[in-house]
1. In the list 120, 70, 62, which residue meets the criterion of being crowded, with 22+ Cβ neighbours inside 10 Å and either closer than 26 Å to residue 163 by Cβ or touching a residue at least 12 places away in the same chain (Cβ under 8 Å) (or both)?
2. Could you tell me which numbered condition residue 54 fails, if it satisfies all but one of (1) in contact (Cβ under 8 Å) with a residue 40 or more places away in the chain; (2) surrounded by fewer than 24 Cβ atoms within 10 Å (Cβ to Cβ); (3) assigned to a helix (DSSP H, G or I); (4) within 14 Å of the chain's Cα centre (by Cα)?
3. What number of residues within the stretch 64-80 are closer than 11 Å to residue 174 by Cβ and part of a loop (DSSP other than H, G, I, E, B)?
4. When you go through (1) surrounded by 14 or more Cβ atoms within 10 Å (Cβ to Cβ); (2) assigned to a loop (DSSP other than H, G, I, E, B) one by one for residue 99, which number turns out not to apply?
5. Which of the following residues is closer than 23 Å to residue 28 by Cβ and not in a helix (DSSP H, G or I): 110, 84?
6. Considering only residues that are touching a helix residue (DSSP H, G or I) at 6+ places or on another chain (Cβ under 8 Å), assigned to a helix (DSSP H, G or I) and in contact (Cβ under 8 Å) with a residue 60 or more places away in the chain, which ones fall in the stretch 27-51?
């Protein structure tokens, strides 16, 4: 599917604000890909499509995940919003004709990460966190610098901030986030 058609289709699925965020992630990911020698087009595409299932309600996310036979963890069962990543990869494959497994994995793991991520997966995970439209949160300036100087250090920094936030709020944490943090902190 050509980029123009992809953009048109994406705009039909998500809000204008979410589209603006997706363009920011796409741009940031492309810049990071240039720095680290990753495939720039793959980074742009994964960044653009990473939230393509975000426009669905929580109920719809759960229903569609079951309908498409996607695995749903206990955490996702009680936090169906997190299913947008798995559903996004499904939509990227079947509605946007993406066959590149690295792009699909980058979309699948952009919220939790996973141990031993590919370069593209790290880029999308980080770009989603630091894109220019994000509000300034704790350590954002430092994290944005790390994104272009030390990918793994940046990854650990983001995961640590996420875990700290989730532990001090009433929110649950997906086991994959902690597993990812443990993997990279001990690497």
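1. Of the residues listed, the single one that is crowded, with 22+ Cβ neighbours inside 10 Å and either closer than 26 Å to residue 163 by Cβ or touching a residue at least 12 places away in the same chain (Cβ under 8 Å) (or both) is 120.
2. (3) is the only condition that residue 54 fails.
3. To start, the set of residues in the stretch 64-80 that are closer than 11 Å to residue 174 by Cβ comprises 73-76, 78-79.
Now restrict to residues that are part of a loop (DSSP other than H, G, I, E, B): 73, 79.
Number of matching residues: 2.
4. (1)
5. Working: 84 fails: not in a helix (DSSP H, G or I).
Sole residue among the options that is closer than 23 Å to residue 28 by Cβ and not in a helix (DSSP H, G or I): 110.
6. Residues satisfying the conditions are 27, 28, 29, 32, 33, 36, 42, 43, 46, 47.
Bear in mind that the values in this text are calculations on the coordinates, not laboratory data. Bear in mind the structure is a predicted one, so any value in this text is a computation, not a measurement. Using ideal geometry, Cβ is built from the backbone for each residue, glycine included, and neighbour counts are taken over all protein chains shown.
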